[in-house]
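Since the structure comes first, as structure tokens, the remarks are kept for the end.
The values are calculated or read from the model by the stated rules, or taken from the named source; none is laboratory data. Worth saying up front: this structure is predicted, and the values here are computed from it rather than measured. Cβ placement follows ideal geometry from the backbone for every residue including glycine, while neighbour counts extend to all protein chains displayed. When the accessible area is computed, the model is the full protein with side chains, heavy atoms only, and any ligands, DNA or RNA have been set aside. Shrake-Rupley method; radii C 1.70, N 1.55, O 1.52, S 1.80 Å.
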Amino acid sequence: LLNVRTFERMPILILLTLPVYALLTSILLLFGQKIDSLKLAFTQTYHFGFSELGHLCNNVQCGGHYLCSVAANGHKRIVKPIRYGKRKGQLIICNRQLLISNAFEEKIHELLPKTHKVIRKKYDKVGDAVHQYYYLFEKKAISDIVYFLMKPAEIFFLIFLYLTDVNPEERISRQYTN
């Protein structure tokens with residue numbers, strides 16, 4: 001196969017990869033994913049999509065939401081912003097960590113509303129304390145550090161969503177949309 005000319009080799013390689021693609025798609029469907037989720041995994045992460053636009057945080061309100069600030073202010077290659085979203089009528093920049101965290105909070109609110117209320121009160125108290133030093137989130141290095149510190153929580157949130165939700169990726173993708 002390696003000695004065959006390129007134009008003859010490519011159709012053979014494509015035919016050989018089709019069963020692998022079909023198998024992976026079947027597994028994803030079995031776990032409740034959309035039929036195009038394998039394709040989306042590549043197209044939505046290739047060159048990190050949104051971060052290719054070289055955007056600035058113009059007309060984007062991030063105050064008060066620390067993960068949003070991380071998505072907007074961190075180094076794009078690290079925090080990987082993927083799209084805009086809407087929060088309280090304002091345009092925000094979203095990365096996967098922010099979307100997963102918000103989907104987790106939404107799921108906790110559905111399953112355990114009283115527990116969610118307690119957690120939310122504690123989070124708001126911590127948020128009030130952090131808000132005094134909010135200017136620090138404008139520094140790329142600080143946003144990058146927060147992103148890495150939140151990574152274990154993000155992984156926990158994602159595992160929780162996959163174990164408790166029928167369509168976890170759908171829940172994640174609808175965060176901060178109209």
Practice item. Would you mind finding the one in 121, 151 that is in contact (Cβ under 8 Å) with a residue 24 or more places away in the chain and charged (D, E, K, R)? Key: 151
Check your understanding: For the stretch 71-93, does any single residue satisfy the condition of being of a type in the set (Ser, Thr, Tyr), at pLDDT below 70 and not in a loop (DSSP other than H, G, I, E, B)?
Key -> no
Exercise for review: Enumerate the pairs (first residue in the stretch 26-46 and modelled with pLDDT under 75; second residue anywhere and open to solvent by 70 Å² or more (accessible area, probe 1.4 Å)) with beta-carbon separation below 6 Å, excluding pairs fewer than 6 apart on the same chain, so at least 6 apart or on different chains.
Suggested key: 32/166; 38/24
